[in-house]
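See below for the structure under consideration.
Nothing in this text is a laboratory measurement; each read-out follows from the coordinates by a stated rule. Quick caveat: nothing in here was measured; it's all calculated off a predicted structure. Neighbour counts are summed over all protein chains in view; Cβ atoms, including those assigned to glycine, are modelled from backbone coordinates with ideal geometry.
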Amino acid sequence: MVLLKTTRAWKGSEIMQEFKMYIDGEWVNSSKGSFIDVKNPATGETIAMVPSASKEDVGEAIDAAGRSFHSGVWSRLSPGERSGILLRVADILESRMEEFVRLETLNTGKSIKQVSGYDIPYTLDNIRFIAGAARTLEGKAMAEYVQDGTSAVRREPIGSIGVITPWNYPLMMVIWRAFPALAVGNSVVVKPASYTPLSTIRLGEIMEKAGIPEGVFNVVTGPGNMVGEEIARSQKIDMIAFTGSTEVGKRLSDLSSGNLKKVSLELGGKAPFIVFKDANIDAAVESAIVGGLVNNGQDCANSTRYYIHESVLDKFKEKLKKRLSTVKVGDPLNQNTDFGPLISNSQRDRVEGYIKKGIEEGGELLVGGNRPSIKGFEKGNFLNPAVIYTDNENSSIVKEEIFGPVFTLLKFSEYENVIKRSNEVTYGLGSSVWTSDITTSMRAVRDLRFGTVWVNEHVVVPSEMPWAGYKQSGHGASLSLYSLEEFTYIKHVYFDLTGKVRKDWYGQIFKG
Ligand code: NAP
């Protein structure tokens, strides 16, 4: 990433408009006057510049969040009032759908088909669910758990929340992390990924228009190792909600220990895709393509380890290769494109490095893994999806998160063995099983140590259901009512029912 001075001239791009930070209800540049280049991964062209925040800017955003929280301007609104404003956000976003689709496509390199058909409509559904859920949050029943008193539980917002998001679903991840926090009355400081900050900044405009009070929703931009760390280190931030790599998640946990702030982590994945011998192979292959290639192969839920029963391995391999050959790699803005570029040159290098390593460690490259030549997109970060077969369970491509379009095929013969191997990774996010046998599927649902198990499907997560990790995929939940609870403290309230000066049990402590 290049840091630039304000004087730099902007050339030749269709976006090239102002992108400022949103702090305390004001649109501001960095106080140190520096910017970050934002590129289109399909062309390598700079499409915008966003401010690179100074420590002081971050401090102002944190203070604004704290002030707004303690003033009660948002936290003391009724759930219905907060819900109404969040619903307005969804309505305005929907009215600006075309603009957001184009912006997200240009900035991420995902196909416009995915962004317009899935990312933005699903994000709208997420917002509307969260807004509705804001009105349902409750403490447990009021009751007498000891003879002379009534107990109740209140759920209350935590305070100022630092939200740090990744580049793979820029808009959706801000919604997943910031909106449950807002729904229950917190204030937030959002730091989007430096590759993809544009839709988050534009979301700030929508928040303003929808009526979010000043200081409740702040956006600061700049490198994670400065801006992100400043947020995590701050004693004035009460909780961090982070979505990103396991490595950075661990760093944020360390930095958060200063004031023991709560940390909610949605981290990496390495999903197994287990095909039993009685599976519908055609259905499994169709889903394998989608599960492996969704979001240009850069999705924490991507199916990555394909454990195929030995009796159907050859059939699966052939069908997968055939279907993969029909996938159209190219210009993300073309409606016919299925698969766009990776987010950056360095990400492509990393994926290519894994393909090389996978082969060195005994894997056989069945197809792909090379750079396509696409006229007019020579500087894009394109890579043809690779399929590698390996018998080496300990290969890096089996154990580590690649975060790119690499299908790793392995074979198995016994149920116990495949479940054990599936579980033997540090991650535990998504997983799927393919079988027509109800007993096998129910056993796998019980035995797989992952936050989601799909049966005869992969990727689908309704807004009402939790998206959560086991092991080093993190802790805490996105979506569902659990994601709102995540951003609350629970408070026990006790009402004395006796009115006595000396309660009966005081004698156990002092006779007086
Ligand atoms: P990343 O490198 O961990 O970055 C995520 C965010 O953290 C970015 O905003 C980044 O800022 C910031 N950051 C980087 N270093 C930091 C530091 N030292 N302190 C504080 N913040 C820091 O992850 P990514 O490459 O953007 O995203 C890919 C990863 O996200 C994959 O591992 C994927 O599995 C995971 N992911 C998980 C989920 C889930 O729901 N579990 C969803 C999506 C993605 P800069 O951009 O400025 O570096």
Compute log10 of I(q)/I(0) for segment 127-255 with the Debye formula, placing one identical point scatterer on every Cα and leaving out solvent, at q = 0.13, 0.17 Å⁻¹, to two decimals. -0.58, -0.88
Return the distance in nm (one decimal) between the two label points of a simple spin-label model at Ser71 and Leu497, each offset 7 Å from Cα along Cα→Cβ. 4.3
Within segment 446-512, report the chymotrypsin sites (Phe, Trp or Tyr not before Pro) that DSSP leaves as loop and that have at most 12 other Cβ atoms within 10 Å. Phe510
Only bridges whose two residues both fall in segment 306-451 count here: according to DSSP, what percent of them are antiparallel, nearest 5? 25
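With charges set only on the Cβ (+1 for Lys and Arg, -1 for Asp and Glu), what does the dipole of the chain come to about its Cα centre, in debye to the nearest 20?
Values: 60 positive and 61 negative charges, 107 e Å.
Value, rounded to 20: 520 debye.
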Once the piece of chain linking Asp391 and Lys511 is laid out straight, how much longer is it, given 0.36 nm per residue of separation minus the C-alpha distance between them? 35.7 nm
So for R0 = 22 Å, FRET eff. of Asn259-Tyr489 from the Cβ-Cβ r, to 0.05, ends up at 0.90
Answer in debye to the nearest 20: the dipole magnitude of segment 56-201 about its Cα centre, from +1 Lys/Arg and -1 Asp/Glu charges placed on Cβ, is 220
Charge dipole of the chain about the Cα centre (unit charges at C-beta), most positive-ward option of His309, Leu497, Gly268: Leu497
Asn423 versus Tyr145: modelled label distance in nm, points set 7 Å from Cα along the beta carbon direction: 3.3
Multiply the residue separation of Glu414 and Glu457 by 0.36 nm, subtract the distance between their alpha-carbon atoms, and state the gained length in nm to one decimal. 13.3 nm
Mean residue ellipticity at 222 nm from the helices of the chain, using -39,500 (n - 2.57) per DSSP H segment of n ≥ 4 over the full residue count, to the nearest 500 deg cm²/dmol? -10500 deg cm²/dmol
Out of all DSSP beta bridges with both ends in segment 385-512, state the antiparallel percent to the nearest 5. 35
Tell me which trypsin sites (Lys or Arg not before Pro) from segment 412-502 have a DSSP coil assignment and no more than 11 other beta carbons within 10 Å of their own. Lys500, Arg502
Contact order normalised by length for the chain, with contacts defined as Cα pairs under 8 Å and 6 or more residues apart; what percent is it? 18
Only sites in a loop by DSSP and with at most 12 other Cβ atoms within 10 Å count here; which GluC sites (Glu not before Pro) in segment 15-90 make the cut? Glu18
Between Glu18 and Ser346, what length comes free when the chain is fully extended (0.36 nm per residue of separation minus the Cα-Cα distance, one decimal in nm)? 115.4 nm
In terms of the ratio Rg/(2.2 N^0.38 Å) built on C-alpha atoms, what value belongs to the chain? 1.05
Cα gyration tensor of segment 324-410, axes a ≥ b ≥ c as square roots of the eigenvalues: rounded (a/c below 1.5), prolate (a/b > b/c) or oblate? prolate
